[in-house]
């Protein structure tokens, strides 16, 4: 019994250690989105090497899956993009201006773009370069030693636009209702003024008769 207990404990420890190592890789968030939506994507980069700092991070993506158009400036880092023949951005490289990320640090890099209306998943291939020249390529399949980060893409709900709103017919109805609601106080005010004027006229006629 004791031997079995020790074996179980060792297996659990091994699984926990493996999970910690497997999770410490370049990941892009969110990991789930919707077709046609505009998203802020965050690239989280942990520095894994115990001997060298991370000085460059490259992320490649398919414009057919996502159209990236903006990048958030990050102090201490510069970025450069690569485009295809159509002018669509296909990759971005962040380069440290100083020492980069030490073995105990991580960083997040933000970019913005539109998810394709036909995408089912977005695959982010990342290349992490260390100061000693070594490169960790996070491009493998799920479950591999160095998996690429993947964002799952759900189908766009029926009747929703790219920003998650309702169809134009419902928007028009809502706008009409809002317009009607905004003109109601004005109409009531006009009616009040007319009734006040009629009351004043009636009072003046009564005084003349008296």
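The values are calculated or read from the model by the stated rules, or taken from the named source; none is laboratory data. In this text the structure is predicted, and so the values were computed from the model without any measurement. Glycine gets a Cβ as well: all are built from the backbone with ideal geometry, and neighbour counts include every protein chain shown.
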Please list, ordered by first then second residue, the pairs with beta carbon atoms under 8 Å, 6 or more apart or interchain, first in region 97-117 and outside the structural domain of residue 35 (by TED's automatic domain parsing), second crowded, with 17+ Cβ neighbours inside 10 Å.
none
Looking at the structure I just gave you, is residue 45 closer than 18 Å to residue 146 by Cα and either surrounded by 20 or more Cβ atoms within 10 Å (Cβ to Cβ) or modelled with pLDDT under 95 (or both)?
yes
A careful count of residues in region 89-105 that are surrounded by fewer than 14 Cβ atoms within 10 Å (Cβ to Cβ) and within 24 Å of residue 31 (Cα to Cα) gives 1
Out of curiosity, is residue 48 assigned to a strand (DSSP E or B) and in contact (Cβ under 8 Å) with a residue 12 or more places away in the chain?
no
